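The values are calculated or read from the model by the stated rules, or taken from the named source; none is laboratory data. Just so we're clear, the structure is a prediction, and the values are computed from it rather than from any experiment. For neighbour counting, all protein chains shown are included, and Cβ atoms are generated from backbone atoms with ideal geometry for every residue, glycine included. These accessible areas exclude ligands, DNA and RNA; they are computed on the full protein's heavy atoms, side chains included. Shrake-Rupley method; radii C 1.70, N 1.55, O 1.52, S 1.80 Å.
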Amino acid sequence: MAESLQLHCKYEEFGCPEIIPYYTKLMHEDSCNFRPYSCPCSGWECSVVGDIPLLVSHLTDYHEAVMFNSCDFELGFLTEDLRENSGCRWIAAIINCYGKYFCVHTEACFHASTPICVVFLSLIGNQAEACNYSYSLEIGGNGRKLTFEGIPRSIRESERRSLESADSLIVLGSMALSLGGETREPKLEIRGRIWKSQIPVCTCG
């Protein structure tokens, strides 16, 4: 009788129509396409949870994330906090590309008393979808630049796990300040591009 027990997915309220055997329920819910997304904002105590349209609206309206309707993007990021040890600065940009939404995370903070600048890309979707894409970053200013290529992470992943992966660009504060220029408001220029991979990268779990 237990093996024949069928249960609704716990994300039924978000639109999941599945009725599944109880012994596969947890596995299904972990990868369910209707599983809601949490706000990724670093340094904010933000508890917003919802589907993709709600999360995109929340990021652009409440956190003032810039929206790009192109697979190419360019944004500026102030780095003066790295001089003053004044906490963290975090910004996000939303990229509408290939019918998907990606989020560019850019953060200046102190890690074990060392100032760093971190940039990485997340897909607002699951990791299996993210493995179909690649992206490039060019960070520079003051006559210098760094280039980087990586694979988007799922926005479901914690920031810590994204940072520990090989798919984020981490720049030490001294180099970030040098790239940003010796001005009152040093700024990094960040250019990026997203493209669809010909062969999905299936090893990016």
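Taking into account only those residues within the range 64-79 that are open to solvent by less than 30 Å² (accessible area, probe 1.4 Å) and not in a strand (DSSP E or B), which is modelled with the highest pLDDT?
My answer is 65.
Just for the range 1-27: of the residues that are open to solvent by less than 40 Å² (accessible area, probe 1.4 Å) and touching a Pro at 6+ places or on another chain (Cβ under 9 Å), which one is farthest from residue 104 (Cα to Cα)?
9
Looking at the range 80-113, which of the residues that are modelled with pLDDT of 65 or more and of a type in the set (S, T, N, Q) is farthest from residue 187 (Cα to Cα)?
Only one residue tops the list, namely 96.
Against the definition (closer than 26 Å to residue 36 by Cβ, outside any strand (DSSP E or B) and modelled with pLDDT under 70), how does residue 161 come out, yes or no?
The answer is yes for residue 161.
Scanning the range 133-158 for residues that are open to solvent by 50 Å² or more (accessible area, probe 1.4 Å) and within 27 Å of residue 48 (Cα to Cα), which turns out modelled with the lowest pLDDT?
Restricting to residues being open to solvent by 50 Å² or more (accessible area, probe 1.4 Å) and within 27 Å of residue 48 (Cα to Cα), the top hit is 158.
What pairs come up if the first residue lies in the range 75-99 and is basic (Lys, Arg), the second is open to solvent by less than 60 Å² (accessible area, probe 1.4 Å) and at pLDDT below 75, and their beta carbons are under 6 Å apart, counting only those six or more places apart or on different chains?
Matching pairs, first to second residue: 89/81.
Which pairs turn up if I take residues in the range 21-32 that are touching a residue at least 12 places away in the same chain (Cβ under 8 Å) and look for partners that are surrounded by 11 or more Cβ atoms within 10 Å (Cβ to Cβ) and among the hydroxyl-bearing types (Ser, Thr, Tyr) with beta carbon separation below 9 Å, at least 6 apart in sequence or on another chain?
29/11; 32/11
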